[in-house]
1. Go through segment 137-191 and report how many residues are outside any helix (DSSP H, G or I) and among the hydroxyl-bearing types (Ser, Thr, Tyr).
2. Scanning for something touching a Ser or Thr at 6+ places or on another chain (Cβ under 6 Å) and either outside the structural domain of Gly16 (by TED's automatic domain parsing) or at pLDDT below 75 (or both), does segment 31-45 turn up at least one residue?
Amino acid sequence: MGQCKGEPAATLPDDGCLVRLLELWGPSSTSEESDMKTKRLHMDPTEAPRLQERLRAFRRTLDARDRSSRAGVYKELANKHFAKEAWRVALVGYLAGIWMLREGDPPCPKLLANHLSELVEAAAALGPPLQPPPPERSPPCESVLSVEPLHPTALWRLAKAHEGGNNLSEAIVAASKLARSDASHAEAHRLLDRLQQRTAQYGKMFS
């Protein structure tokens, strides 16, 4: 078996190796990734699959309450590293907590067994993204608008329904129509500004 801080993984209980690493890793800036002292805390890459399966087996022994408790331990350790701007180590702790809280029997992320794994694997290990709820439909509003396209109350309710469903583009369309048709509708202008700001923020996040 490989070693975790010089101690055989086989002698460590359950998730003890992971907890030791989270407790002992120092600041993990890019410049320190090659530091030998830091590397000694890393699991040998050849041992990662064994530790992954060991962590997964440990997780299977826990009920939902115990998994939540372990997730809290990982989160607390991650928060300490985050406060020290040790981003990569914090990521491992947060990922461990998320993995512990997932439904079913998800595979153990390699990053939890080997700090030098590619970070792109961490995102994949989180599983498929949560699907946003479908936009709230407002049949009465749509019925009214099919007869009177610029009905102010129907446009307002439709814009708010789309905003609530996080369907920003459709919300902007409805709010824009209302703002253009009624320049004195202050709430419509505020809603439109808010929706456009949110859209711009999302664009910056993914640009």
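The values are calculated or read from the model by the stated rules, or taken from the named source; none is laboratory data. Here the structure is a predicted model, which is why all the values come from computation and not from measurement. Positions of Cβ are generated from backbone atoms using ideal geometry, with glycine treated the same way; all protein chains shown enter the neighbour counts.
1. 2
2. Within segment 31-45 (the criterion being touching a Ser or Thr at 6+ places or on another chain (Cβ under 6 Å) and either outside the structural domain of Gly16 (by TED's automatic domain parsing) or at pLDDT below 75 (or both)), the answer is yes, since at least one residue qualifies.
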